[in-house]
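Trainee: Can you read through this structure? Questions will come right after.
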Amino acid sequence: MNPTFPTIAVIGAGAMGRGIAQIAAQAGSLVRLVDNQPEASIQAKAALADQWDKLAAKGKLDAAQAQACKDRIQPCTLNDLADCQMVVEAIVERLDVKRSLFAQIEAIVAPSAVLATNTSSLSVTAIAAGLKRPEQLAGFHFFNPVPLMKVVEVIAGLKTDPAVAQALARYAREMGHTPVQAADTPGFIVNHAGRGYNTEALRIVSEGVADFATIDRILRDQVGFKLGPFELMDLTALDVSHPVMESVYNQYYQEPRYRPSVITAQRLAGGVLGRKTGQGFYNYIDGKAQVPAEAPAPEVSDMPPVWVSTRAARRSELLQLLKDLGAKIETGQSPSAQALSLVAPLGFDVTTVAVVERLDPARTVGIDMLIEDAATRRRVLASNPATRADMKAAAHALFARDGKPVSLIRDSGGFVSQRVVATIVNIASDMCQQGICSPADLETAVTLGLGYPLGPLAMGNRWGPTNVLEVLFNMQTVYGDPRYRPSPWLRRRGAIGLSLMQEEN
Ligand code: NAI
């Protein structure tokens, strides 16, 4: 082992500092650990020793390697850092405290030493401002828990020497992590790209379109997210996630795409934080979420014939599906007086489609056909305010005939998955448009940092850039809300069917 930085310092021996110290020692660096609480770095050394003993017991390290790692952790004070080639801080998230810490460190270490901050929400440029050598400082943003979250954002501030960012990226690889390069912008990559999922889901709830559990089910089963947005917020806890939503929104001067929700503001104020308080979007008993059972599909003895709009998305696939489910399909220009009319809009609501296509709203139901039926584990139907109960029941029973679960939601431009995916793709596209990172780094950062089933741009390609663009255009018409304004990156690629990963020629 011959690490880029043979001797480093980690300032702040909390959750993040310990994790960084662990992977640095494993990469072969001598780690001087500093904390302003007298016992903290000694406790951290003991906790790390336990950690390495456990890894050795599991056979992931041999006893000699575990001992060598333990020997590389040295609790110290700031005055012991003169020989460090790199200093990374993971102290309290306050600009004034970080600035004064780096001013002290700068006077102790060699002029060539690299200074790194693990800040997740402050500007790297602002932290470096006022230093004698701002070019030596960069962001080095890890995720919790550091040893398991294998991605780190390397952030160059306005004055950072590119060689400093390159050295940190090399060191990240030596630690077994994947570095991604981010411009110094609010939320960097992961916390910026992650704005779409929760905020759009909260907006859907705030409109009364579906409840928390239904939205979680739809996004797990249709898109393949491991956790629904409300399960995820319960796990992260709102005292962490709501301030991040507010911070990114305010740092971007109230950009509508990042607008937080009053739902989480109120829950935070009321202490309904999530799993850790026993009550969040779900209630927890013995640590287990209490999930309301789904309503079973209704029994319908007298199934009406079905007519499918000529403008339905994936119309031939939908007709085949109806055939497979044993439906009586009408083939006329317009539905008969008994027929259930099926529409499958992209971005438009069922009500608007019924009016535009001159259908009887009382017999019109919508189905989300953006993703092919075979690729999903759930079907989602939407009624409009006038849809008759017998028509809703018939559609529900029909689409549940092969045992696939069906969710029935209230009318909403874009259903649930279309809205959430289009929002995620749009935010990611705009990050590429702004040059915050390369499309490849965006995908890496989001899949490793957020655990999405696909990177946002790959998700857009999977669903079709042109379709995602159509969803946003139509949602903008339905809602008149600038948050659905398509990014130029998506608009140009979607209009001509180019991959969202494609840089401009
Ligand atoms: P923590 O509260 O677990 O640990 C912070 C440690 O720093 C404590 O031991 C504290 O005594 C020490 N400390 C505070 N001020 C100090 C100072 N002036 N000089 C020396 N030591 C000082 O906090 P955590 O979670 O480890 O976070 C630390 C930093 O990492 C923050 O800047 C945070 O924004 C950033 N971060 C946190 C993540 C997380 O998920 N917890 C993720 C990514 C970044």
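The values are calculated or read from the model by the stated rules, or taken from the named source; none is laboratory data. Remember, predicted model here, so these are calculated numbers, not experimental data. Cβ coordinates were reconstructed from backbone atoms using ideal geometry, including for glycine residues, and neighbour counts include every protein chain displayed. These accessible areas exclude ligands, DNA and RNA; they are computed on the full protein's heavy atoms, side chains included. Shrake-Rupley method; radii C 1.70, N 1.55, O 1.52, S 1.80 Å.
Trainee: For the pair A293/Q433, report the inter-label distance in nm, with labels modelled 7 Å from Cα in the Cβ direction.
Mentor: 4.8
Trainee: Which distance in nm do the two modelled labels at D211 and Q338 give, with both placed 7 Å along the Cα-to-Cβ direction?
Mentor: Between D211 and Q338, the simple spin-label model gives 3.5 nm.
Trainee: If you keep only loop residues by DSSP, which GluC sites (Glu not before Pro) in segment 406-505 have at most 10 other Cβ atoms within 10 Å of their Cβ? Walk me through the numbers on the way to the answer.
Mentor: Numbers: sites: E443, E470, E503, E504; in loops: E503, E504.
Sparse-neighbourhood loop GluC sites (Glu not before Pro): E503, E504.
Trainee: Also, quick follow-up: When the dipole is taken about the Cα centre of the chain, and only Lys, Arg (+1) and Asp, Glu (-1) are charged at their Cβ, what size is it in debye, to the nearest 20?
Mentor: Numbers: 50 positive and 50 negative charges, 70 e Å.
It works out to roughly 340 debye.
Trainee: What trypsin sites (Lys or Arg not before Pro) does segment 190-265 have in DSSP loop regions with at most 14 other beta carbons within 10 Å? Don't skip to the end; give the middle numbers.
Mentor: Working: sites: R195, R203, R217, R220, K226, R257; in loops: K226.
For trypsin sites (Lys or Arg not before Pro) across segment 190-265 that sit outside H, G, I, E and B with at most 14 neighbouring Cβ atoms in 10 Å, the list reads K226.
Trainee: Here is a further query. Under a point spin-label approximation (7 Å from Cα along Cα-to-Cβ), what is the D239-L498 distance to one decimal in nm?
Mentor: 4.7
Trainee: What does the net charge come to around T466 if you take all other residues with beta carbon closer than 12 Å to its beta carbon, with K and R at +1 and D and E at -1?
Mentor: Once all neighbours under 12 Å are counted, the net charge is +2.
Trainee: How far is the Cα center of segment 92-145 from the Cα center of segment 435-505, in Å?
Mentor: Segment 92-145 and segment 435-505 have Cα centres spaced 33 Å from each other.
Trainee: Give a quick list of trypsin sites (Lys or Arg not before Pro) in segment 1-107 that DSSP marks as loop, anything other than H, G, I, E or B, with at most 10 other Cβ atoms within 10 Å. Write out the running numbers ahead of the final one.
Mentor: Details: sites: R18, R32, K45, K54, K58, K60, K70, R72, R94, K98, R99; in loops: K58, K60, R72, R94.
Those that pass, being in a loop and sparsely packed, are K58.
Trainee: To make sure I understand the rule: partners must be aspartates and glutamates, Cα under 20 Å from the Cα of K98, and not fewer than 8 residues away in the same chain. Which ones qualify?
Mentor: Straight-line reach from K98, under 20 Å: D35, D80, E89, E106, E135, E153, D161, D184.
Trainee: Still on this structure, please answer the following. Please give the Cα centre distance for segment 244-283 versus segment 1-53, rounded to the nearest Å.
Mentor: 33
Trainee: Leaving out ligands and nucleic acids, and using a 1.4 Å probe, what accessible area per residue does segment 192-289 come to in Å²? Spell out each step's value before the answer.
Mentor: Details: 3980 Å² over 98 residues.
Value for segment 192-289: 41 Å² per residue.
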